[in-house]
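Report on the following structure.
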Amino acid sequence: MGESLNFLNDFWLVQAMKYSLWLYPTVESLHICGIGMLFGSVVLMDLRLLGVCPNIDFKAISRLGISVSMFGFTLAVLTGSMMFITHAADLIGSRLFVIKMCLIFLLLSNAAVLHMRSGINAITKVQAIVSLAGWSTVIGLGRWLAYV
């Protein structure tokens, strides 16, 4: 299946990503910044849901956290897409990549359900734990992709 994506190799952006001395490392650095913003804000909101710092108003932290996480996620998607098209034929056949993408979809669904909930209960706390573990796993899978 990966061979069918070889047509991307002629795309100007793929050529720039492969042969520019600075473009790929810059895009990868911006990807890491996006991940940092996303994961940092998710950690703060999930820890608050788990009862850490109960004196901090959850609505206030989530207003900021959601904005930062959405910006970080958007940055990670844009830069991740640029890195993907550079290695599309290899990545599309990778189980790690498929697992990572499926997990991101599930975690976004979890976040949407969490956002719609009112109040903090046992299910919310389980969702926060799933979120923390899941996003940590996504980050780990992304790093593994570079080496496997």
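List the lysines whose Cα lies under 19 Å from the Cα of residue 59, skipping any in the same chain that are fewer than 8 positions away.
Filter leaves 125.
Where does the range 85-148 land on the Kirkwood hydrodynamic radius, alpha-carbon pairs, in angstrom? Please report the intermediate quantities before stating the final value.
Values: mean 1/r = 0.0769 Å⁻¹.
So the Kirkwood estimate lands at 13.0 Å.
Tell me the mean residue ellipticity at 222 nm calculated for the chain from its helices only (DSSP H runs of n ≥ 4, each -39500 (n - 2.57), averaged over every residue, nearest 500).
On the way: 6 runs with 114 residues, N = 148.
So the helix-based figure for the chain works out to -26500 deg cm²/dmol.
Based on the Kirkwood radius over alpha-carbon pairs, what value in µm²/s does the Stokes-Einstein equation return for the translational diffusion coefficient of the range 1-108 at 37 °C and 0.692 mPa s? Write down the numbers at each step before the final one.
Values: Rh = 15.7 Å.
Diffusion coefficient, whole number: 209 µm²/s.
HN-Hα J couplings of the range 117-123 from phi, Karplus 6.51/-1.76/1.60, θ = phi - 60°, integer Hz, Gly and Pro as x?
Listing the rounded values in order: 6, 10, x, 10, 9, 4, 5 Hz.
Based only on other Cβ atoms within 10 Å, what is the fewest-to-most ordering of 24, 19, 147? Show your work: numbers first, answer last.
On the way: 24 16, 19 9, 147 5.
So the ranking, lowest neighbour count to highest, is 147, 19, 24.
Return 100, 125, 59 ranked ascending by Cβ neighbour count within 10 Å, so the fewest neighbours appear first.
Numbers: 100 21, 125 14, 59 6.
Arranged by neighbour count, lowest to highest, 100, 125, 59 become 59, 125, 100.
Order of 45, 82, 101 from fewest to most other C-beta atoms within 10 Å? Write out the running numbers ahead of the final one.
Details: 45 23, 82 19, 101 16.
Ordered from fewest to most neighbouring Cβ atoms within 10 Å, 45, 82, 101 come out as 101, 82, 45.
With a cut-off of 14 Å, note down the residues of the range 13-48 whose backbone N falls inside the zone around a label point 7 Å from the Cα of residue 81 toward its beta carbon.
13-14, by backbone N distance to the label point.
Values in this text are rule-based calculations from the coordinates and carry no lab data. Bear in mind the structure is a predicted one, so any value in this text is a computation, not a measurement. FYI the Cβ positions are ideal-geometry reconstructions off the backbone, even for glycines, and counts take in every protein chain you see.
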